Amino acid sequence: MSEAPTELPLLRLSDGLPPLVDTPAELAETIAALANAEGPVAIDAERASGFRYSARAYLIQIRRAGAGTHLIDTGVLTDLSGLAAAIDDAEWILHAATQDLPCLREVGLHPTKLFDTELAARLLGYPRVGLATLVSVICGQTMRKEHSASDWSIRPLPHDWLEYAALDVEVLDVIREHLIADLEKSGKTEWARQEFEHLLGFEPTVRAEPWRRTSQIQRVRSRRALAATRELWLARDQLARERDVAAGRLLPDSSIVAAAKALPTSRRALLGTPGFQGRAAKPHAQLWVDAIAKAASLPDTALPVPNPRGDGPPPPRVWADKHPAAAARLDYARNAIAALSVELSVPVENMMTPDTVRRVMWQPPAEGESLHEILADYAAREWQIELLSPVLEAAIEAGAGI
């Protein structure tokens with residue numbers, strides 16, 4: 001009879017829950033403590049995604065050896081210039097840095113060097129890279145994650161929420177030290193250094209037509225209805241921005257699609273449309289009717305097309321018919337990169353972005369052009385270029401003559 005698995009101990013705060021820093025005087029004390037300490041700074045932020053329109057940080061958690069953990073209420077404190085100066089020269093430890101860098105930048109916090117525990121774990125081939133998993137595997141403890149989707153804009157913040165937030169930075173330095181040792185043993189230290197340096201310039205993708213991400217938009221068939229989807233989305237976005245409320249909480253995507261398909265011409269008809277609901281459906285009914293009317297008045301030449309061409313190659317599923325040589329190149333490259341991914345224990349998407357591979361396989365370097373320079377122009381890191389250039393060159397050769 002097999003033994004029951006040993007239950008891991010719960011991760012707890014080593015110094016107890018620190019008080020919330022929500023006055024200028026308390027912030028000054030925090031800044032002094034952090035400035036007088038040494039070593040890397042573990043940092044995390046809590047937003048109100050799904051509740052607020054903005055992605056601002058409403059709470060920032062910082063921990064540094066010798067200074068302890070500090071919970072800074074950025075819903076109240078807006079001038080963090082002193083904090084920025086205190087930790088400017090430190091290495092920041094973040095988990096999934098791309099999630100927090102934009103909102104930290106919004107409050108004036110910019111790292112000059114960082115260590116991303118999630119990205120390091122990816123490069124090392126960890127099958128799961130969530131913070132709770134790393135705490136379990138590396139520290140032998142479990143974490144509670146019940147407040148990750150909470151509305152952090154509310155005040156006062158509950159005690160258990162603050163404890164949850166403080167725990168997010170409790171052992172980041174321990175995880176970093178473990179991952180640093182693993183990177184060194186696996187020969188991936190330089191890879192990680194280049195990846196972290198690249199992250200310093202991270203900017204979220206800004207889509208040219210974000211309304212096309214509306215859920216269930218594939219149910220919208222006509223160009224006129226597609227125009228109504230766009231105008232309804234833009235009207236909702238403006239209202240959400242003005243009120244700082246998550247757009248989907250005002251009017252769900254399903255309501256936009258329902259109204260766009262029905263194209264009602266009056267307030268009464270709109271409110272009677274099956275599936276049209278939401279907290280802002282009735283109070284702002286005229287706004288939605290006006291948006292639909294705007295779409296109805298557009299000339300045919302101004303209507304959006306269903307599937308606009310981007311600046312990249314077409315979907316790979318059509319390559320075999322449109323460009324057989326490119327299809328052969330892509331097939332070779334994908335198989336070779338997948339094999340290398342297994343050999344090196346690095347996810348395929350971290351070896352090189354699939355979009356970069358597709359672009360190079362669709363239109364390889366012309367005579368006299370440098371594959372190295374092309375990959376660098378696509379923001380590939382030097383370690384990726386060095387590793388994958390031979391693979392991509394072989395793939396280009398595989399498509400020759402087809």
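All of the numbers you see were taken from the coordinates with simple rules; none came from a lab. Not measured: the values here are computed from a predicted model. Positions of Cβ are generated from backbone atoms using ideal geometry, with glycine treated the same way; all protein chains shown enter the neighbour counts.
At-a-glance table
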item	result
Given charges at Cβ of Lys, Arg, Asp, Glu: the chain dipole, positive-most of VAL305, LEU131, HIS178	VAL305
Local electrostatic count at ALA96 - Lys and Arg +1, Asp and Glu -1, tallied over other residues with Cβ under 15 Å	-3
Label zone at ARG212 (point 7 Å along Cα-to-Cβ), backbone N below 19 Å, segment 311-327	311-319
Cα centroid separation, segment 259-333 to segment 18-36 (Å)	49
Positive dipole terminus of the chain, leading residue within SER81, PRO315, ILE154 (C-beta point charges)	PRO315
Cα shape, segment 316-402, gyration tensor, a/c 1.5 rule	oblate
Neighbour cut-off at most 13 other Cβ (10 Å), DSSP loop, GluC sites (Glu not before Pro), segment 11-57	GLU38
Calculated [θ] (222 nm, deg cm²/dmol) that DSSP helices of n ≥ 4 give over the chain, each run adding -39,500 (n - 2.57)	-14000 deg cm²/dmol
Rounded to 5, percent antiparallel among DSSP beta bridges of the chain	50
Cα-centred dipole magnitude for segment 88-142, charges only on beta-carbon of K, R (+1) and D, E (-1), debye, nearest 20	280
Gain on full stretching of the segment that runs from THR189 to ALA35 - 0.36 nm per residue minus C-alpha separation	52.6 nm
Selected from PRO24, PRO283, PRO313 as most flexible by GNM, with the chain as the system and alpha-carbon contacts under 10 Å	PRO283
Size of charge dipole - the chain - debye, nearest 20, with Cβ of Lys, Arg +1 and Asp, Glu -1, no other charges	2840
Positive minus negative residues near ALA246 (Lys, Arg vs Asp, Glu; Cβ under 14 Å)	+3
Lysine pair number, Cα distance threshold 28 Å (strictly under), the chain, separation 8 or more or different chains	6
Among LEU27, LEU371, LEU71: highest mean-square fluctuation, GNM of the chain, C-alpha pairs under 10 Å	LEU371
FRET efficiency for GLU7 and ALA96, using Cβ-Cβ distance with R0 set to 35 Å, rounded to 0.05	0.85
Extreme residue, positive dipole direction of the chain, given options ALA285, ALA269, VAL107 (C-beta unit charges)	ALA269
Fluctuation leader among ALA240, ALA208, ALA149 - the chain, Gaussian network, Cα springs under 10 angstrom	ALA208
Simple spin-label estimate for HIS198 and ARG144 in nanometres, 7 Å along Cα-Cβ	3.8
Student exercise, segment 1-119 dipole from Lys, Arg, Asp, Glu Cβ charges, in Debye to nearest 20	240
For segment 1-76: rounded, prolate or oblate by the Cα gyration tensor [a/c cutoff 1.5]	oblate
Cα gyration tensor shape for the chain, rounded if a/c is under 1.5, else prolate or oblate	oblate
Distance from segment 338-393 to segment 197-252 (C-alpha centre basis), Å	32
